[in-house]
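Undergrad: Here it is, the structure, as structure tokens.
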Amino acid sequence: MRSEEFISTLFNSAKELGGVEVLQKGVPLGTDVAGGLVLSHKQSGPKMFRHTCVTGVKRSVFIRRMLISLSCLYEKDEAEFFVLSPRLEYSEILRLKNIDATIPYIREKSDLESAKETLKELFQMRTTGAGYPHLIVVLDGLEDLSDCNKNNDLEEYREFLELVSRKEDVEIVSGVDLMKSIFSGYPGTFVGIGNCLVSTREEGKADVTYVNDDASLSQPTPMNFPDSPSVVESVIFLNAVPRG
């Protein structure tokens, strides 16, 4: 399934479900074996902690294509993307015309600390009134930065997760190697109750599990996600397609 096909599926599903708002709240990830949409969130609430955690060998590829798909659900002034990662591939997102994306230079822990202060300022601005765009925060590969994750407890991720916890209209997406952390045996504790864990297996293939109330995981659901060979091709397609 190419990114273009998945984006077309989103447009069609939005019409059937009564609007893109349903998909915005659910966060589409891919399609199941029957061709139905797989969503990250099965529940919603004004103070819900909304976290999509992605692990596995193709996690960064999955997240980049997820962001491209998400961008089609919003007009430029309806959502802003804040991407924190040492992976240069995320710069491809800036090719999208209809996306408000901030991708700061992250090469060491001090860069991450500066970005955290910027995010705090964004949250402070949001307390002054309503009408701010939906905020999507991406954290990917932070454990690879020098002086980070010293105790294998994903401290840098957890600091950001705590920062966005109970913030309204905020979505956080993390890409992390859980097998190299203390959470490898109980990932639900890191992901958060009611949220989902995407485990990428190979190009275009992943399993999705949801965190139960006791922090255990549901049975995995096999899922297909866009497997386009190039993000650029998807960008060209998406820039040519009107929202609706």
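Undergrad: Out of all the residues in the range 65-84, is one or more within 17 Å of the chain's Cα centre (by Cα), among the small types (Gly, Ala, Ser) and within 19 Å of residue 227 (Cβ to Cβ)?
TA: Looking through the range 65-84, at least one residue is within 17 Å of the chain's Cα centre (by Cα), among the small types (Gly, Ala, Ser) and within 19 Å of residue 227 (Cβ to Cβ).
Undergrad: May I pose another question? How many residues, within the range 1-29, are under 21 Å from residue 212 (Cα atoms) and either part of a loop (DSSP other than H, G, I, E, B) or in contact (Cβ under 8 Å) with a residue 24 or more places away in the chain (or both)?
TA: Total meeting the criteria: 3.
Undergrad: Could you list, in sequence order, the residues of the range 92-113 that are modelled with pLDDT under 90 and part of a helix (DSSP H, G or I)?
TA: 92, 93, 94, 95
Undergrad: Step by step: first the residues of the range 140-175, then only those that are in a helix (DSSP H, G or I) and without any contact (Cβ under 8 Å) to a residue 24 or more places away in the chain, then the one that is nearest to residue 199 (Cα to Cα). Which residue is that?
TA: The qualifying residue nearest to residue 199 (Cα to Cα) is 155.
Yes/no per residue for (1) modelled with pLDDT under 95; (2) open to solvent by less than 20 Å² (accessible area, probe 1.4 Å); (3) part of a loop (DSSP other than H, G, I, E, B):
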residue	(1), (2), (3)
124	yes, no, no
138	no, yes, no
179	yes, no, no
183	no, yes, yes
193	yes, no, yes
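Undergrad: Here's something else I'd like to know. Which residues, counting only those in the range 162-177, are open to solvent by 20 Å² or more (accessible area, probe 1.4 Å) and of a type in the set (A, V, I, L, M, F, W, C)?
TA: We begin by selecting, within the range 162-177, every residue open to solvent by 20 Å² or more (accessible area, probe 1.4 Å); these are 162-163, 165-169, 177.
163 - this is the single residue of the range 162-177 that is open to solvent by 20 Å² or more (accessible area, probe 1.4 Å) and of a type in the set (A, V, I, L, M, F, W, C).
Undergrad: Still on this model: Would you pick out the residues in the range 1-23 that are over 13 Å from residue 225 (Cβ atoms) and touching a strand residue (DSSP E or B) at 6+ places or on another chain (Cβ under 7 Å)?
TA: 13
Undergrad: I would also like to ask the following. Test residue 121 against the stated conditions and say whether it is closer than 14 Å to residue 51 by Cβ and free of Cβ contacts under 8 Å to residues at least 40 places away in the same chain. Walk me through it before giving the result.
TA: Working: closer than 14 Å to residue 51 by Cβ: no; free of Cβ contacts under 8 Å to residues at least 40 places away in the same chain: yes.
No: the conditions fail for residue 121.
Undergrad: Step by step: first the residues of the range 56-87, then only those that are among the charged types (D, E, K, R) and in contact with a helix residue (DSSP H, G or I) (Cβ under 9 Å, 6 or more places away or on another chain), then the one that is nearest to residue 109 (Cα to Cα). Which residue is that? Even if it seems obvious, please write down each step before you answer.
TA: Narrowing the range 56-87 to residues among the charged types (D, E, K, R): 58-59, 64-65, 75-78, 80, 87.
After this cut, where a residue has to be in contact with a helix residue (DSSP H, G or I) (Cβ under 9 Å, 6 or more places away or on another chain) as well, the list is 64-65, 78, 80, 87.
Values: 64: 22, 65: 26, 78: 30, 80: 23, 87: 14 Å.
Here the residue is 87.
Undergrad: Let me ask something else. Hey, could you check the range 195-230 for residues that are within 22 Å of residue 2 (Cβ to Cβ) and of a type in the set (Asp, Glu) and say which is most open to solvent (accessible area, probe 1.4 Å)?
TA: This residue is 202.
Undergrad: Can I ask one more? Has the range 144-161 got any residue that is at pLDDT 90 or above, over 20 Å from residue 191 (Cα atoms) and surrounded by 18 or more Cβ atoms within 10 Å (Cβ to Cβ)?
TA: Yes, the range 144-161 contains at least one residue that is at pLDDT 90 or above, over 20 Å from residue 191 (Cα atoms) and surrounded by 18 or more Cβ atoms within 10 Å (Cβ to Cβ).
The values are calculated or read from the model by the stated rules, or taken from the named source; none is laboratory data. Computed from a predicted model, the values in this text were never measured in an experiment. For neighbour counting, all protein chains shown are included, and Cβ atoms are generated from backbone atoms with ideal geometry for every residue, glycine included. Just the protein is used for accessible areas: all its heavy atoms, side chains included, with ligands, DNA and RNA removed. Shrake-Rupley method; radii C 1.70, N 1.55, O 1.52, S 1.80 Å.
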